[in-house]
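Notes follow the structure.
Every read-out reported here was derived from the displayed coordinates using simple, explicitly stated rules and does not represent laboratory data. Computed from a prediction, not measured in an experiment: that's the story for all the values here. Note that each Cβ is placed from the backbone with ideal geometry, even for glycine, and that neighbours are counted across all protein chains shown.
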Amino acid sequence: MKVRKVVDLDIPGLGKKIKEARLSDRRSLAEICRQIPMSAMNWYKIEAEDTKALPIETLRRIEEVLNVDLKVSLDD
C-alpha cells in the first residue's frame, strides 16, 4: 500500500536561477526543451515564476539537463 505525501515549498528566485543556468549553457532553448521534454512556452513560464507549481520530477530533469544543482530539498 502506498501513502502519499504532498509538499509545496515556496522557493523565491527559483525561476531566476533556472534562467541563469540556461543562459550559461551553450545549447539553444529549443534543444534544452527537447531533452526535458517541455515546450518553450512552459519553460518561459517557469523562469517567470508564472507556473502554479513545478513538479519535483521536472525540476530534477531541468537540473540534470543543465548539469546544475538548484539546492531544492524536500527533506523534512
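Val3 label point, 7 Å along Cα→Cβ, cut-off 16 Å on backbone N: hits in the range 39-76?
Output list for this probe position: 76.
Hey, got a sec? Which trypsin sites (Lys or Arg not before Pro) in the range 14-76 land in a DSSP loop and have at most 11 other Cβ atoms within 10 Å?
Arg26, Lys52, Lys71
If the only charges are +1 at each Lys and Arg Cβ and -1 at each Asp and Glu Cβ, what is the size of the charge dipole of the chain around the Cα centre, to the nearest 20 debye?
220 debye
State whether the range 14-66 is rounded, prolate or oblate according to the following rule on the C-alpha gyration tensor (a ≥ b ≥ c being the square roots of its eigenvalues): a/c under 1.5 gives rounded; otherwise a/b larger than b/c gives prolate, and the remaining case gives oblate.
It comes out rounded by the Cα gyration axes.
Run the quick spin-label model on Glu63 and Lys45: label points 7 Å from Cα toward the beta carbon, then report their separation in nm to one decimal.
It is 2.3 nm.
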